[in-house]
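Worksheet for the structure shown next.
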Amino acid sequence: MKKEEIVMLCTTDLGGQTRGKGFPASDLADRLKKGIGWTPTNSMITAHGPIAPSPWGPFGDLVLIPDPDTRVRIDFGPDAAAEHFVMGDILHLDGTPWPVCPRGFLKRVLAAIEERHGLKVKAAFEHEFVYEAVEEKPNASYALDSFRRQGAFAERYLGALKEAGLVLDTFMPEYGPKQYEVTVGPAVGVAAADQAVAVREIARAVAHDLGSRVSFTPILRPDAVGNGVHVHFSLMDATTGAPVNHDPSHADGMSARAGSFVAGMLACLPAVTAVTAAASISYMRLTPNRWSAAYNNLGYRDREAGVRICPVFQTVDITKQFHFEFRAADAAASPYLVLGAMLAAGLHGLDSGLPIPSVCEGAPQNLSPERLRELDIVRLPQSLGEALDLFEADTVLAESFGAELKKAYLAHKRFEAEMMGQLSVEEQCARYAAAY
Ligand code: GLU
Ligand code: MG
């Protein structure tokens, strides 16, 4: 018997799960043109298995069309299957975009930013995760010993990322139990989110090959620090590619356009968390003193801000480095939805010409209610249900999302929140650790 390679054609869905269908690798050229059939109700399969009430039921047919630029192939040697997948867009059978497709949503938002404002977006995802094979020890953060104890994983992971065409920026032992962090990129537009999918799936594949697993769960246990996804982003001129974020004459260095963009993001952040922090347990992470994000504040050199102005090396061209970081996301959400939601909020800021926001000095939890009001700072929602209520009530992001995606997302996540509400926090953590 001769082994025959299989390619999985995938989408990363409303629950942030990468699902798809396989076909013989020898059919790749043909499948790039004709894709593979897909079912609307697949979008309602939750990360925990049960299917949320579906507006489509057993009806409807769609097609998943691959984007060859996203193809990942990693050779795990003669005795193991190759990891071979490609991401696709979900379309109607007539070739028009299906409005509920997360990748299609991100593309719509990117197109609107370019059409209305002549801007493109560059982004890099920083991921924290847990590697199960490593022993939990105290005082492990950034430790050379923690790096050593993950054994062959990191080197194989780097090799696999390279084989997939991704550029590793950094890999490190992080603060939390068994926690590591990986950053790749940056990339322009939808490719940044494609890369985030690849970062997660390649880590899973490499760990699997070593007989273990990684988990990108938002938080391992109630007493732990979370596994964040921090999205670094900047704006560039769509024609010249020149960065447009920095203005040395502004006190915090922000250009008017970047300021409007970030202001939109901050204004919409409480509703946006329903999409970027999409698990019930995401809200255990979004609390003060966990180095995540608990308020919709703009921070400078502040690792608990909702959005942070990142530090620059004064000795290197500042214009090229100056950028921002969105910290209220985790990997229970599809990277397409995370980036799409953040950018839809930024687009609102650009459309409305919002003024450059003020940096919040110090921790928001230590500011008086009056000062918080002056700065338009609010506490982020403290449960998935609360976040979904804000997202449902929001009218600003509604146009970018479109009614169908919004309705499907709310139905999916309300069902998940209710399901998780029956469990203790420890049980919820265990479910998410297994699912992500
Ligand atoms: N683990 C923190 C989080 O949940 C982030 C720590 C850091 O890298 O600043 O976002
Ligand atoms: Mg980190």
Open item on the list: Restricting to region 14-47, give me the number of residues that are over 20 Å from the mean Cα position of the chain (by Cα), assigned to a strand (DSSP E or B) and surrounded by fewer than 21 Cβ atoms within 10 Å (Cβ to Cβ).
Closed with: 6
Open item on the list: Any residue that is assigned to a helix (DSSP H, G or I), modelled with pLDDT of 95 or more and under 29 Å from Thr39 (Cβ atoms) - is there at least one of those in region 96-103?
Closed with: yes
Task: Checklist (1) within 16 Å of ligand 1 (Cβ to nearest atom); (2) out of contact with any Gly (no Cβ under 9 Å at 6 or more places or on another chain); (3) within 19 Å of Pro311 (Cα to Cα) applied to Thr276, failing item - done: (3)
- [ ] Check Thr11 against each of (1) part of a loop (DSSP other than H, G, I, E, B); (2) touching a strand residue (DSSP E or B) at 6+ places or on another chain (Cβ under 7 Å); (3) open to solvent by less than 40 Å² (accessible area, probe 1.4 Å) and name the one condition it does not meet.
- [x] (1)
Task: Those residues of region 283-304 which are under 22 Å from Pro248 (Cα atoms), within 16 Å of ligand 2 (Cβ to nearest atom) and of a type outside the set (Asp, Glu), in sequence order - done: Gly299, Arg301
Task: Verdict on Phe415 being within 18 Å of Ala274 (Cα to Cα) and in contact with a strand residue (DSSP E or B) (Cβ under 9 Å, 6 or more places away or on another chain) - done: yes
Task: Search result, residues across region 320-338 that are more than 16 Å from Tyr409 (Cα to Cα) and more than 14 Å from ligand 1 (Cβ to nearest atom) - done: Lys320, Gln321, Phe322, His323, Phe324
TODO: Select, from Gly95, Gly165, the only residue that is within 30 Å of Gly211 (Cβ to Cβ) and not aliphatic (A, V, I, L, M).
DONE: Gly165
Open item on the list: Would you confirm, using the coordinates I've provided, whether Thr315 is of a type in the set (S, T, N, Q) and modelled with pLDDT under 95?
Closed with: yes
- [ ] Look at Asp145 and say whether it is surrounded by fewer than 18 Cβ atoms within 10 Å (Cβ to Cβ) and within 15 Å of ligand 1 (Cβ to nearest atom).
- [x] no
TODO: Six or more apart or on different chains, Cβ under 7 Å: which pairs go from a residue in region 235-264 that's of a type in the set (Asp, Glu) to one that's open to solvent by less than 40 Å² (accessible area, probe 1.4 Å)? Could you list them?
DONE: Asp237/Gly118; Asp237/Leu119; Asp237/Val244; Asp247/Gly253; Asp247/Met254; Asp247/Ser255; Asp252/Ile309; Asp252/Val359
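Every residue, every condition in (1) outside any loop (DSSP other than H, G, I, E, B); (2) in contact with a Lys or Arg (Cβ under 7 Å, 6 or more places away or on another chain); (3) open to solvent by 40 Å² or more (accessible area, probe 1.4 Å), yes or no:
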site: Thr217; (1), (2), (3): no, no, no
site: Ala251; (1), (2), (3): no, no, yes
site: Ser260; (1), (2), (3): yes, no, no
site: Leu269; (1), (2), (3): yes, no, no
Task: Number of the exception - Asn227 against (1) open to solvent by 10 Å² or more (accessible area, probe 1.4 Å); (2) within 16 Å of ligand 1 (Cβ to nearest atom) - done: (1)
Open item on the list: I'd like to verify a number: residues in region 223-243 that are touching a strand residue (DSSP E or B) at 6+ places or on another chain (Cβ under 6 Å), within 14 Å of ligand 2 (Cβ to nearest atom) and assigned to a loop (DSSP other than H, G, I, E, B), how many?
Closed with: 2
Open item on the list: Quick check on region 107-127: of everything there that is in a strand (DSSP E or B) and open to solvent by 20 Å² or more (accessible area, probe 1.4 Å), which residue is nearest to ligand 1 (Cβ to nearest atom)?
Closed with: Glu126
Task: Selection count, region 268-310, where residues are small (Gly, Ala, Ser) and touching a His at 6+ places or on another chain (Cβ under 7 Å) - done: 0
TODO: Considering each of Leu220, Leu166, Leu161 in turn, give the residue that is in contact with a strand residue (DSSP E or B) (Cβ under 7 Å, 6 or more places away or on another chain) and under 23 Å from His323 (Cα atoms).
DONE: Leu166
Task: Pairs where the first residue, in region 279-300, is closer than 14 Å to Tyr436 by Cβ and hydrophobic (A, V, I, L, M, F, W, C) and the second is open to solvent by 30 Å² or more (accessible area, probe 1.4 Å) and more than 15 Å from ligand 2 (Cβ to nearest atom), C-beta under 8 Å, 6+ apart - done: Ile281/Val425
TODO: Any residue in region 106-126 that's within 13 Å of Gly340 (Cα to Cα): show its pairings with residues that are within 16 Å of ligand 2 (Cβ to nearest atom) at Cβ separation under 6 Å, as long as the two are six or more apart or on different chains.
DONE: Ala123/Val231
Open item on the list: Of the residues Leu286, Leu269, only one is at pLDDT 95 or above and under 23 Å from Asp13 (Cβ atoms); which?
Closed with: Leu286
Open item on the list: Going residue by residue through region 155-163, is there one that turns out to be within 16 Å of ligand 1 (Cβ to nearest atom) and under 24 Å from the mean Cα position of the chain (by Cα)?
Closed with: no
- [ ] Give the residue, chosen from Gly264, Gly189, that is within 16 Å of the chain's Cα centre (by Cα), away from ligand 1 (no atom under 16 Å from the Cβ) and either among the β-branched types (Val, Ile, Thr) or open to solvent by less than 20 Å² (accessible area, probe 1.4 Å) (or both).
- [x] Gly189
Open item on the list: Among the residues of region 382-410, what is the count of those that are among the small types (Gly, Ala, Ser), in a helix (DSSP H, G or I) and under 18 Å from Thr273 (Cβ atoms)?
Closed with: 5
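The values are calculated or read from the model by the stated rules, or taken from the named source; none is laboratory data. On a predicted model such as this, the values are computed, not experimentally measured, just so you know. Every residue, glycine among them, receives a Cβ derived from its backbone with ideal geometry; neighbour counts consider all protein chains shown. We work out accessible area using only protein heavy atoms, side chains counted, and drop any ligands, DNA or RNA first. Shrake-Rupley method; radii C 1.70, N 1.55, O 1.52, S 1.80 Å.
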